[in-house]
1. In whole Å and largest first, what semi-axes does the C-alpha gyration tensor of the chain yield when each eigenvalue is scaled by 5 and square-rooted?
2. Can you tell me how much longer the chain between Q69 and A40 gets when fully stretched, taken as 0.36 nm per residue apart minus their C-alpha distance, in nm with one decimal?
3. Which value in nm describes the separation of the simple spin-label points at T19 and R54, placed 7 Å from the Cα toward the beta carbon?
4. Tally Lys/Arg at +1 and Asp/Glu at -1 over every other residue whose Cβ is under 13 Å from the Cβ of E87; what's the total?
5. On a C-alpha basis, how far is the centre of the stretch 38-72 from the centre of the stretch 83-128 in Å? Whole number, if you could?
6. Between the helical axis of 15-127 and the dominant principal axis of the chain, each derived from Cα atoms, what acute angle in degrees is found, rounded to the nearest 10?
7. I'd like to check one number: the per residue accessible area of the chain, probe 1.4 Å, reported in Å² as a whole number.
Amino acid sequence: SVWYCANKASATVPAEMVTNLQQRLDAQVIKCQFLQNLIAQQKSKIASMSESHRELQFFYERDSAQKDQYICALAFKEPEIKELDEELLVVNTDRNAKIEEIALLKNNEQEFQDEIEHLQDMISANAK
């Protein structure tokens, strides 16, 4: 055991082994740098996505507020709309009554016209 320790301390490490270890270390450093770059890219993506999310959240909240305003405005206008609907119904009923009245007057006019022609025919017959 003492001989082994003494030998190990005085033993020189072969140059090949040193080169091999150095190459492996360099490869690990490169891999580490690559991973650090990847992490930085991912952090950048996350920051960008967070910004997009904040924008979307803002638009969503703004649109929701607008929707609520429209709903309130509609609720406020509903009695007015109902009143206008009722007025329109009355106007349409009046209009329909007028149309029927006009049709009746035209019918009466035609009857008078027929009666006038009949009287004119009688007058013409009596004149002969």
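1. Values: eigenvalues 2523, 94, 17 Å².
Ellipsoid half-lengths, sorted descending, are 112, 22, 9 Å.
2. Numbers: separation 29, 0.36 × 29 = 10.44 nm, distance 4.33 nm.
Roughly 6.1 nm would be gained on extension.
3. The answer from the label model is 5.5 nm.
4. Working: positive: K82, R95; negative: E80, E83, D85, E86, D94.
Cβ neighbours under 13 Å give a net charge of -3.
5. Spelled out, the Cα-based centre of one part sits 69 Å from the other.
6. Roughly 0 degrees between the two axes.
7. Working: 12410 Å² over 128 residues.
Result: 97 Å² of accessible area for each residue.
The values are calculated or read from the model by the stated rules, or taken from the named source; none is laboratory data. Owing to the predicted nature of the structure, the values given are computational and were not obtained by experimental measurement. Reconstructed Cβ throughout: ideal geometry from the backbone, glycine too, with neighbour counts over all protein chains shown. Keep in mind that these areas ignore ligands, DNA and RNA; they rest on the heavy atoms of the full protein, side chains included. Shrake-Rupley method; radii C 1.70, N 1.55, O 1.52, S 1.80 Å.
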